[in-house]
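Everything on this sheet refers to the single structure shown next.
The values are calculated or read from the model by the stated rules, or taken from the named source; none is laboratory data. Everything quoted here is computed from the prediction, not taken from an experiment. Don't worry about glycine lacking a Cβ; one is built from the backbone with ideal geometry, like all the others, and counts go over all protein chains shown.
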Amino acid sequence: MCGRFTLTVDPAQFQDAFPGFLFPAQFAPRYNIAPSQPVLAIPNDERSAADFFIWGLIPMWAKDPSIGARLINARSETLAEKPSFRGSFKYKRCLILADGFYEWKTVAGKKTKIPYYIHMNDRRPFAFAGLWDSWESPDGSNLKTCTIITTEPNELMATLHNRMPAILHPRDYAKWLDPSPQTPESLLPLLKPYPADAMTAYPVSTLVNKPENDSPELIVPA
């Protein structure tokens, strides 16, 4: 799964990594983004502009918004089958922007899992494959939410966990963000494990275990 990630680079760096997209003029660096919090994402709504979504998908048909807490991740293998995801998979996809993420490794003989920080070797920002939806509350307000798609782990991530977030290759951004309805056959090939040799992982402090901790020391090697 993917339960925490970072977004620490400035807007100028995102503009370089994602040419052709519009970004907010400024946003605060985040070192411990957790479910139910705002995340920066680019939806396939033809505006080519990043916006903030709440992490935890609330399908438009949901009666209870608390469902979002259970839908922070979506398994790539069942996207076309699950009622919570199949509509968004066909019509509402997004790039969820990050520059690193965390995973917890189980160690034999230890009760506490060891957190690891994972990022690209070149430290450039990247995009998780995501789904989004828009939910209207009883008071008429509108809430935009999203979920991160997961897939099988690559060789690096397999040493930490049996899943990893689906990271899209830049060449696939346009196809993923195509606003026209898409078939599973056209999209599932994009949701493969990202090449392990492009990524780095190292253990970090257990400070990351608490969502209220959000500072640069969280990504310092332990």
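Taking PRO165 as the residue in question, decide whether it is of a type outside the set (Gly, Ala, Ser) and out of contact with any Phe, Trp or Tyr (no Cβ under 8 Å at 6 or more places or on another chain). Spell out how you get there, then give the answer.
Details: of a type outside the set (Gly, Ala, Ser): yes; out of contact with any Phe, Trp or Tyr (no Cβ under 8 Å at 6 or more places or on another chain): no.
Answer is no for this residue.
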SER88 vs. criteria under 17 Å from the mean Cα position of the chain (by Cα) and of a type in the set (Ser, Thr, Tyr): yes
Some residue of the range 23-40 being on the phi > 0 side of the Ramachandran plot and touching a strand residue (DSSP E or B) at 6+ places or on another chain (Cβ under 9 Å): yes
Selection status of PRO125, more than 16 Å from the chain's Cα centre (by Cα) and either within 14 Å of ALA41 (Cβ to Cβ) or surrounded by fewer than 23 Cβ atoms within 10 Å (Cβ to Cβ) (or both): no
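Check whether at least one residue in the range 76-88 is in a strand (DSSP E or B), at pLDDT 95 or above and either over 25 Å from ALA49 (Cβ atoms) or charged (D, E, K, R) (or both), and report yes or no.
Just the residues of the range 76-88 that are in a strand (DSSP E or B), to begin with: none.
Checking the range 76-88: not a single residue is in a strand (DSSP E or B), at pLDDT 95 or above and either over 25 Å from ALA49 (Cβ atoms) or charged (D, E, K, R) (or both).
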Residue ID - farthest from PHE21 (Cα to Cα), chosen from residues in the range 171-182 that are loosely packed, with under 15 Cβ neighbours inside 10 Å and in contact (Cβ under 8 Å) with a residue 24 or more places away in the chain: PRO181
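So, PHE5, is that one in contact with a Leu (Cβ under 9 Å, 6 or more places away or on another chain), in contact (Cβ under 8 Å) with a residue 40 or more places away in the chain, buried (at least 20 other Cβ atoms within 10 Å of the Cβ) and not small (Gly, Ala, Ser) or not?
Details: in contact with a Leu (Cβ under 9 Å, 6 or more places away or on another chain): no; in contact (Cβ under 8 Å) with a residue 40 or more places away in the chain: yes; buried (at least 20 other Cβ atoms within 10 Å of the Cβ): yes; not small (Gly, Ala, Ser): yes.
Spelling it out, it is not the case that PHE5 is in contact with a Leu (Cβ under 9 Å, 6 or more places away or on another chain), in contact (Cβ under 8 Å) with a residue 40 or more places away in the chain, buried (at least 20 other Cβ atoms within 10 Å of the Cβ) and not small (Gly, Ala, Ser).
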Test: residue in the range 137-150 that is surrounded by fewer than 21 Cβ atoms within 10 Å (Cβ to Cβ), over 22 Å from THR106 (Cβ atoms) and touching a helix residue (DSSP H, G or I) at 6+ places or on another chain (Cβ under 8 Å): yes
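For ASN213, are the conditions met, namely being modelled with pLDDT of 95 or more, in a loop (DSSP other than H, G, I, E, B), polar (S, T, N, Q) and more than 18 Å from the chain's Cα centre (by Cα)? Break it down stepwise before answering.
Values: modelled with pLDDT of 95 or more: yes; in a loop (DSSP other than H, G, I, E, B): yes; polar (S, T, N, Q): yes; more than 18 Å from the chain's Cα centre (by Cα): yes.
In short, yes.
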Members of the range 173-213 that are farther than 18 Å from MET120 by Cβ and among the β-branched types (Val, Ile, Thr): THR183, THR206, VAL208
Condition met for LEU187 (crowded, with 19+ Cβ neighbours inside 10 Å, farther than 19 Å from LEU57 by Cα and touching a helix residue (DSSP H, G or I) at 6+ places or on another chain (Cβ under 6 Å)): no
